[in-house]
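Remarks on the structure that follows.
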Amino acid sequence: MRMVMRVSAVTAALVVLTAGAASAQRPQTRQGFWIAFGLGYGSAKLSCGGCDAGSDGGATGHIRLGGTLNQRLLLGGDVTGWAKEESGVTATVGAVSFVAQYYPMPASGLFVKGGVGYSGIVFVATGQEVTGTGFGLSAGAGYDVRVGRNISITPLVDFLYGGSRELQLNGTTLLDGVSSTLISFGLGVTFH
């Protein structure tokens, strides 16, 4: 949890220090196709009826792409994932979502986003794979700090929720009603 607080403080400081100067130098225009990708750090938590696995920190990554409807609204696809390897077990949590990214003040780089889609959990150890899939919801916020005519550095925070699902090994249910949450702090590059 301390690492999450540190990353969020660094992200906030980066936004505050660079947003004013960058926005004064480069106008926030959005048009046509866009793509964004980045890395970060996040905390994932799994839970089920009667159990609580706690939360754990790990590396995150995302890629988003889509089209611009107008200066306020972008639509597209979003793939976000979290991974951690410990004691020979690799755990991943991720989502593939249809997202809407909304800029409440078009001249600013500030945006909020939300989406719906598909989420998954995978554990891999000694060649065995335990998986679970279900519906997913995503929400987030960020700020495009324009550093070039069509390029922005984008600090952001994402929240993912993966609904109830079964965890299975070779078609056999090991655990039922498992849900996941992920909060991620990251830094990306956006091409507008």
Yes/no for ALA44 being surrounded by 15 or more Cβ atoms within 10 Å (Cβ to Cβ), over 30 Å from ARG149 (Cβ atoms) and among the aliphatic types (A, V, I, L, M): yes
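Can you tell which of ASP78, ASP56 is of a type in the set (D, E, K, R) and crowded, with 16+ Cβ neighbours inside 10 Å?
On the way: ASP56 fails: crowded, with 16+ Cβ neighbours inside 10 Å.
Just one listed residue meets the conditions, ASP78.
Yes/no per residue for (1) touching a Gly at 6+ places or on another chain (Cβ under 7 Å); (2) modelled with pLDDT of 95 or more:
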position: VAL130; (1), (2): no, no
position: TYR143; (1), (2): yes, yes
position: ARG165; (1), (2): yes, no
position: LEU169; (1), (2): no, no
Looking at segment 86-123 only, could you name the residues that are at pLDDT 95 or above and over 15 Å from the mean Cα position of the chain (by Cα)? TYR102, TYR103, PRO104, LEU110
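Please tell me if GLY67 is surrounded by fewer than 14 Cβ atoms within 10 Å (Cβ to Cβ) and either free of Cβ contacts under 8 Å to residues at least 40 places away in the same chain or within 20 Å of TYR41 (Cα to Cα) (or both).
Details: surrounded by fewer than 14 Cβ atoms within 10 Å (Cβ to Cβ): yes; either free of Cβ contacts under 8 Å to residues at least 40 places away in the same chain or within 20 Å of TYR41 (Cα to Cα) (or both): yes.
In short, yes.
The values are calculated or read from the model by the stated rules, or taken from the named source; none is laboratory data. Computed from a predicted model, the values in this text were never measured in an experiment. Backbone-built Cβ (ideal geometry, glycine too); neighbour counts: all protein chains shown.
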